[in-house]
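Structure first, commentary second.
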Amino acid sequence: MDFPAHPNLTDAYLEGFGLTNGASVRLARPTSPEGVAKAFGLARKDNRRVVLRGGGRSYGDQSLLGEALAIDVSRMKSVFNWDTAEGLLDIQAGATLEDVWRFVLEDGWFLPVTPGTSRATLAGALASNVHGKNNLLAGTLGEWVEEIEVVLPDGSLRTVSKDDSRFWGFVGGLGLLGAIVRVKLRLKRVVSGEVDTVVRQVPDWDAQFAAFEEFAKADYTVSWVDGFSSGRGIFTAGWHVPVAEASTLRAEAQGISPAIGLFSKSEAWRVLQHLTSRSDMRVLSALRYRMGGFPTVQKSKRQTLAAFHYPLDYVPDWQRSYLPGGLVQFQAAVPRDEARRVFQKQLELCQKARMEPYLVVMKRHRPDCAMLPYLVDGYSLALDLHRILSREEDLRRLYAEMAEVAIAAGGRVYLTKDALLTPDQFSRCTPKGGLTRFRELKKEIDPDGLLTSAQNERLRIATVRR
Ligand SMILES: Cc1cc2nc3c(=O)[nH]c(=O)nc-3n(C[C@H](O)[C@H](O)[C@H](O)COP(=O)(O)OP(=O)(O)OC[C@H]3O[C@@H](n4cnc5c(N)ncnc54)[C@H](O)[C@@H]3O)c2cc1C
């Protein structure tokens, strides 16, 4: 297949998903590996550094760098091969997860691992080695990839298969080694486009952990935690519907409604913007908890795969309701035996600072394979914190305290969500062996440090002096 090699350059202002970080860049939107290689060459000529950009769903400064040349791969979506018998998809890495599930579902396949947004590209999702609500059983997205193609900063195109020792540097490497441009991904067999769920109100931390243990074999488990409480929330377990229902496999049947109540979806964030004070959120959280039913009652519900996995995609631009400050998300995975104590402490710290998280999500995890791993055998808590401009320093302090509690317990901070970690905290929560190998690889592949990001410069993950 032939694609133009022109990288299509413009000036642009890019932001992280949390709207706390932004950067003016020279933007390249190539459609081919040749276009990506050409963009690397132009950056060298222009004496600019390069940052890689996918769907812009990472929260902070991962896909940003002021004055850099940003290579955005999101126009690269072509399918090279689709083996419907084996469920093996060969596709350009700029395809979003939504592009993928819409394409394969009708043939009885779905994403084996998916984050809570389908707007991420495969390239960005692999650079973060994302996980889903089935992390304990299915691992991370990288574990389902047979092979990737990457354009290195010198412009050369390389195929990197799973058994190549560099694979887990590119996957989970936050775009610091090369641009992923093509992916061979194994999909998961499904016979229905729906999920059966049980939804249970859980009154405290003990009940939260007990529910995760009880449903450890479910296809999916996740819990919402009331950030104003001492651990109460609503736990959900889900199973793929095992009965063949061809009509539910049509992408249209996954339908996302165009309106929410009286409001059009595209305007919903404007309404939400008036509900982001602490007192509103306290009331809304309590209401949400009550709607979960009584602790002993368990509700059963059948949902489409899209509604189950991507509830936040239903409200476009919901993150804008946090403006003008935006939101910072903190997510750390903590070893199983320490999780209860750490999560309780983290919520207490938020409450003491009067900066309660407006959305808190708890998940069960197993360790991941990347050179820069972020998961452990345990649990993670993801907390959305409203960035109030007049309380910037308080937020920084709170974030640092939450990170310290997690790191002291052997936890790891998830870098794709981060905006405020310090270099010292990063190096203390990253295993030395993997980090050393990653830095060696960086020196070998990108000796003059062409490829970087604002997060890399902030945390000194693998920086090269120029
Ligand atoms: C609502 C929401 C829910 C989420 N839920 C989850 C979840 O449940 N689990 C989870 O794991 N994550 C979750 N995330 C995080 C998200 O999945 C990751 O941040 C993902 O990396 C975003 O991909 P992207 O395409 O938007 O990439 P971007 O945000 O644009 O970039 C992310 C990283 O990928 C790098 N990159 C971009 N393109 C390339 C390329 N071609 N080659 C190599 N590197 C590249 C960038 O430099 C950057 O470091 C969620 C995010 C949102 C907004």
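The values are calculated or read from the model by the stated rules, or taken from the named source; none is laboratory data. A quick note: this is a predicted structure, and the numbers were derived from the prediction, not measured. Glycine also receives a Cβ, built like all others from the backbone with ideal geometry; neighbour counts cover every protein chain displayed. The area values use the complete protein model at the heavy-atom level, side chains included, leaving out ligands, DNA and RNA. Shrake-Rupley method; radii C 1.70, N 1.55, O 1.52, S 1.80 Å.
Set side by side, the residues Thr121, Thr117 differ, and just one is of a type in the set (Val, Ile, Thr), under 16 Å from the mean Cα position of the chain (by Cα) and over 25 Å from Val160 (Cα atoms), which is Thr117. Within the range 153-169, the set of residues being open to solvent by less than 10 Å² (accessible area, probe 1.4 Å) and not in a strand (DSSP E or B) comprises Pro153, Phe167, Gly169.
Scan the range 61-89 for residues that are within 22 Å of the chain's Cα centre (by Cα), within 16 Å of the ligand (Cβ to nearest atom) and assigned to a strand (DSSP E or B) and the total you get is 3. Of the residues in the range 126-135, none is assigned by TED's automatic domain parsing to the domain that holds Thr452, closer than 28 Å to Phe330 by Cβ and more than 9 Å from the ligand (Cβ to nearest atom).
Filtering Ala93, Ala68, Ala39, Ala28 for residues that are at pLDDT 95 or above, crowded, with 24+ Cβ neighbours inside 10 Å and farther than 30 Å from Gly116 by Cα leaves a single hit, Ala39. Name the residues in the range 375-408 that are open to solvent by 10 Å² or more (accessible area, probe 1.4 Å) and either in the same structural domain as Ala127 (by TED's automatic domain parsing) or assigned to a loop (DSSP other than H, G, I, E, B) (or both), would you? Passing the criteria: Val376, Asp377, Arg387, Ile388.
Scanning the range 338-365 for residues that are open to solvent by 20 Å² or more (accessible area, probe 1.4 Å), in contact with a Leu (Cβ under 6 Å, 6 or more places away or on another chain) and within 16 Å of the ligand (Cβ to nearest atom) turns up just one, Arg364. Checked against the criterion of being touching a strand residue (DSSP E or B) at 6+ places or on another chain (Cβ under 6 Å) and assigned by TED's automatic domain parsing to the domain that holds Val241, the candidates Arg158, Arg200 yield just one match: Arg200. Under the condition of being in contact with a strand residue (DSSP E or B) (Cβ under 7 Å, 6 or more places away or on another chain) and outside any helix (DSSP H, G or I), the residues counted in the range 331-356 number 6. Taking the listed residues Thr248, Thr221, Thr197, the one that is within 15 Å of the ligand (Cβ to nearest atom), at pLDDT 95 or above and over 30 Å from Asp446 (Cβ atoms) is Thr221, with no other qualifying. Put simply, of Ile180, Ile148 the only residue that is free of Cβ contacts under 8 Å to residues at least 60 places away in the same chain and within 12 Å of the ligand (Cβ to nearest atom) is Ile148.
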